[in-house]
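*Asks:* Dumping the structure here so I can ask a few things about it.
The values are calculated or read from the model by the stated rules, or taken from the named source; none is laboratory data. Note that the coordinates shown come from a computational prediction; the quantities given were computed from them, not determined experimentally. When we count neighbours, we look across all protein chains shown, and the Cβ atoms used for this are built from the backbone with ideal geometry, even at glycine. SASA here: full protein model, heavy atoms, side chains in, ligands and nucleic acids out. Shrake-Rupley method; radii C 1.70, N 1.55, O 1.52, S 1.80 Å.
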Amino acid sequence: MDEIIHQPLRLKIMAALRALPDGKGEACRLEFVRLKSIVGATDGNLGAHISALENAGYIEVEKDFVGKQPRTRVRLTRAGRRAR
């Protein structure tokens, strides 16, 4: 198994994202708040693991605003879909 995703929380993140359709549309992304709820992590813990997965090239992070509220969404990259 890949050492980067071997850590339990990272594996949960990858599994949650892998369940989404492949592609670049809205259905292929999970918002940070929803992902946090799915994997049962704190903001800081989830943020650190997302950064590690992003640095490995396994996920893509998109940050924008909805009105005045910040929004962070993540999706798997092709490398992330192939990671085992």
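*Asks:* Name the single residue that is modelled with the lowest pLDDT among those in segment 1-21 being loosely packed, with under 12 Cβ neighbours inside 10 Å and over 14 Å from Leu46 (Cα atoms).
*Replies:* Met1
*Asks:* May I pose another question? Just give me the residues in segment 40-55 being under 17 Å from Ala83 (Cβ atoms) and either open to solvent by less than 60 Å² (accessible area, probe 1.4 Å) or under 10 Å from the mean Cα position of the chain (by Cα) (or both), in sequence order.
*Replies:* Answer for segment 40-55, where residues must be under 17 Å from Ala83 (Cβ atoms) and either open to solvent by less than 60 Å² (accessible area, probe 1.4 Å) or under 10 Å from the mean Cα position of the chain (by Cα) (or both): His49, Ile50, Ser51, Ala52, Leu53, Glu54.
*Asks:* Looking at segment 56-65, which of its residues are open to solvent by 50 Å² or more (accessible area, probe 1.4 Å) and either assigned to a helix (DSSP H, G or I) or in contact with a Lys or Arg (Cβ under 6 Å, 6 or more places away or on another chain) (or both)?
*Replies:* Glu60, Glu62
*Asks:* For residues that are within 24 Å of Asp2 (Cα to Cα) and of a type outside the set (A, V, I, L, M, F, W, C), scanning just segment 66-76, find the one that is surrounded by the fewest Cβ atoms within 10 Å (Cβ to Cβ).
*Replies:* Residue satisfying both the conditions and the ranking: Arg73.
*Asks:* In this structure, does Glu31 turn out to be modelled with pLDDT under 95, open to solvent by 80 Å² or more (accessible area, probe 1.4 Å) and acidic (Asp, Glu)?
*Replies:* no
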